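Engineer: If you scroll down you'll find the structure; I have some questions about it.
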Amino acid sequence: MKLKDLKVQMPYLELEAEFHDKTDISPLKNPFLISYSPDAAEILGVEIDDEDFLTQITNGDALLEGSEPFAMCYAGHQFGHFVPRLGDGRAINLGKTENGWNLQLKGAGQTLYSRQGDGRAVLRSSIREYLMSEAMCGLHIATSRALALIGSEHDVARERWEKGAIVLRMSTSWVRFGTFEYFYNTKQFDKLEALADYVIDESYAHLKGQKDAYFLMFEELVDRTALLLAKWQGVGFNHGVMNTDNMSMAGLTIDYGPFAFLDDYDFEYICNHTDTQGRYAFGQQPAVAQWNLSMLMHALSPLISFERMQEALAKYETLYSEYYIGFMRKKLGLLVEDEDDLPMLRWLFGMMQQEGIDYNSFFRILSRYDDDGSAILAMCDLQDPMRDWLVHYSKRLEKEQTSVSERHTQMLATNPKYVLKNYMLQYAIDKADRGDFSGIFELLTLARAPFDEHVELESFAGSAPKVFKNLKLSCSS
């Protein structure tokens, strides 16, 4: 299907007026297409045959057939404190495609919910979100996607004057925990029910018509969230702003701000410099997700038995642990379950933390381990502790039935060679600031196929330069 033939529907506008606000898009000055994702276009079912039209759609100079742009209303707990009304402050929804993708512009101007903000996004943060959305998909983690990125000559004031940009992003759902919190807080329980019905239609269609559909939705969301967090921790991803308004009712990764992949392993790593208390530190993320689910549980209590939801939420820790240890076994090339696996992991992480070992590089090198630990030992200043661990690991591998080559193949398909670390993203941003967008294309290549070798981009496979390791970023990053 040609892009111009793409049509959208507006099911969210069928909800009552308080759910949303129709809004005008404010186009950027002199927009130009920087990049688009072929993979996102493919799942959308469109052929990008007209890049000028894609630029017009992303800038709001043209609308798809059926589109009535709007912003969504929601509340949320931000750093643990409840804010009764938030909403899409710099995101404008374009509608939903026939195959279930909700299109949204980020950075297209002010909405009713912008408060004191300008509704804009700058080039650096837009590059980060565009690339990271596709990178998380490449890592097989549930996420929103990004179809296109445009730049402009539009001046935007941040810490300094920067150029405005817009990301055309897409998701199977943009409904958040905080959407339910808004209507619970305002005691509009009839609207809670309408919203729950909408979420089931959109993200849990297999539950429609079932007697306990609302409870089953919550129960499945607990499971989806546990799986999502297990994968975040497994790949070393730090979201940075796990407010309830940034938590997806579909169990997706959404709202990429001051995120980071671990450079050196650091359980206490904080990627958001606004997070002075470390609420959203890397190691805290699974517990924060559980706390956020507990806030959603209160918001859903007019619809669902609180006691039943408590029972469902009580399973979260077990679900998370099972998903996490299962994922980590795959990273270690282990198929047989052994009660010693978790202590062995803790032993490993303790050494990685103490030695400052690059998380991603370690597991990629381990993927070719064949009792010769020299490449692993070369990562350590103090080699004896790691040598002891490798002896233990070799004995653990003796319990497996797979051949060495089979184990290597499975591990190389589990442990990516490339993750988009912040120094890599900054490389692309610095080039883009000079009008050179080649870094974006290079990183998009890695994002789409992170397990492949990409010999021509080998320089991105190693550890981050020391000066750039485990940096903190701002929410506008």
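Engineer: Tell me, please, whether a residue that is crowded, with 17+ Cβ neighbours inside 10 Å and closer than 20 Å to GLN110 by Cβ can be found in the stretch 28-45.
Structural biologist: yes
Engineer: Test ASP88 against the stated conditions and say whether it is surrounded by 20 or more Cβ atoms within 10 Å (Cβ to Cβ) and not in a strand (DSSP E or B). Break it down stepwise before answering.
Structural biologist: Details: surrounded by 20 or more Cβ atoms within 10 Å (Cβ to Cβ): yes; not in a strand (DSSP E or B): yes.
Considered against the rule, which asks whether it is surrounded by 20 or more Cβ atoms within 10 Å (Cβ to Cβ) and not in a strand (DSSP E or B), ASP88 comes out as yes.
Engineer: Starting from the stretch 45-63, keep only residues that are at positive phi, then list their pairs with residues that are among the β-branched types (Val, Ile, Thr) and in a loop (DSSP other than H, G, I, E, B) whose Cβ atoms are within a distance under 9 Å, requiring at least 6 positions of separation or different chains.
Structural biologist: Pairs found: GLY60/ILE25.
A quick yes/no check of all residues on (1) closer than 22 Å to LEU13 by Cβ; (2) acidic (Asp, Glu); (3) touching a residue at least 60 places away in the same chain (Cβ under 8 Å):
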residue: LEU131; (1), (2), (3): no, no, yes
residue: ALA135; (1), (2), (3): no, no, yes
residue: GLY151; (1), (2), (3): no, no, yes
residue: MET170; (1), (2), (3): yes, no, yes
residue: VAL175; (1), (2), (3): yes, no, yes
residue: GLU181; (1), (2), (3): yes, yes, yes
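Engineer: Considering the stretch 382-428 alone, what residues qualify as being farther than 24 Å from GLU355 by Cβ, surrounded by fewer than 19 Cβ atoms within 10 Å (Cβ to Cβ) and charged (D, E, K, R)?
Structural biologist: Result: GLU398, LYS399, GLU400, GLU406.
Engineer: Filter the stretch 412-444 down to the residues that are under 23 Å from VAL156 (Cα atoms), among the charged types (D, E, K, R) and not in a helix (DSSP H, G or I) and list them by number.
Structural biologist: Residues satisfying the conditions are ARG434, ASP436.
Engineer: How many of the residues in the stretch 291-312 are in a helix (DSSP H, G or I) and crowded, with 18+ Cβ neighbours inside 10 Å?
Structural biologist: Narrowing the stretch 291-312 to residues in a helix (DSSP H, G or I): 291-300, 306-312.
This time we only want the ones that are crowded, with 18+ Cβ neighbours inside 10 Å, so: 292-293, 295-297, 299-300, 309, 312.
Counting residues in the stretch 291-312 that are in a helix (DSSP H, G or I) and crowded, with 18+ Cβ neighbours inside 10 Å gives 9.
Engineer: Another question about this same structure. Can you say whether TYR393 is modelled with pLDDT of 95 or more, hydroxyl-bearing (Ser, Thr, Tyr), in a loop (DSSP other than H, G, I, E, B) and outside the structural domain of ILE166 (by TED's automatic domain parsing), as far as the supplied structure shows?
Structural biologist: On the way: modelled with pLDDT of 95 or more: yes; hydroxyl-bearing (Ser, Thr, Tyr): yes; in a loop (DSSP other than H, G, I, E, B): no; outside the structural domain of ILE166 (by TED's automatic domain parsing): yes.
No; evaluated as a whole, the condition is false for this residue.
Engineer: Here's something else I'd like to know. Under the condition of being in contact with a Leu (Cβ under 8 Å, 6 or more places away or on another chain) and among the basic types (Lys, Arg), which residue from the stretch 380-397 is nearest to ASP264 (Cα to Cα)?
Structural biologist: ARG387
Engineer: Moving on to the next point. Among the residues of the stretch 445-468, which ones are within 17 Å of ILE365 (Cβ to Cβ) and either in a loop (DSSP other than H, G, I, E, B) or in contact (Cβ under 8 Å) with a residue 12 or more places away in the chain (or both)?
Structural biologist: Hits for the stretch 445-468 are PRO450, PHE451, ASP452, GLU453, HIS454, PHE460, ALA461, GLY462, SER463, ALA464.
Engineer: Considering only the stretch 338-353, state which residues are in contact with a helix residue (DSSP H, G or I) (Cβ under 8 Å, 6 or more places away or on another chain) and in a helix (DSSP H, G or I).
Structural biologist: Just the residues of the stretch 338-353 that are in contact with a helix residue (DSSP H, G or I) (Cβ under 8 Å, 6 or more places away or on another chain), to begin with: 338, 340-342, 344-345, 347-348, 351-352.
Residues satisfying the conditions are ASP341, LEU342, MET344, LEU345, TRP347, LEU348, MET351, MET352.
Engineer: Search the stretch 110-150 for residues being part of a loop (DSSP other than H, G, I, E, B) and within 14 Å of the chain's Cα centre (by Cα), and hand back the single one that is surrounded by the fewest Cβ atoms within 10 Å (Cβ to Cβ).
Structural biologist: Among residues in the stretch 110-150 that are part of a loop (DSSP other than H, G, I, E, B) and within 14 Å of the chain's Cα centre (by Cα), the one surrounded by the fewest Cβ atoms within 10 Å (Cβ to Cβ) is HIS140.
Engineer: Where residues in the stretch 91-106 are in a loop (DSSP other than H, G, I, E, B) and out of contact with any Ser or Thr (no Cβ under 6 Å at 6 or more places or on another chain), which of them is surrounded by the most Cβ atoms within 10 Å (Cβ to Cβ)? Please lay out each step first, then the result.
Structural biologist: Filtering the stretch 91-106 down to residues in a loop (DSSP other than H, G, I, E, B) leaves 98-101.
From what is left, the residues that are out of contact with any Ser or Thr (no Cβ under 6 Å at 6 or more places or on another chain) are 98-99, 101.
Working: GLU98: 11, ASN99: 9, TRP101: 23.
For the stretch 91-106, the residue satisfying everything is TRP101.
Engineer: Among the residues of the stretch 358-372, count how many are surrounded by 21 or more Cβ atoms within 10 Å (Cβ to Cβ) and not in a helix (DSSP H, G or I).
Structural biologist: 2
The values are calculated or read from the model by the stated rules, or taken from the named source; none is laboratory data. This is a predicted model, so every value here is computed, not measured. Here the Cβ is made from the backbone with ideal geometry for all residues, glycine too, and neighbour counts use every protein chain on show.
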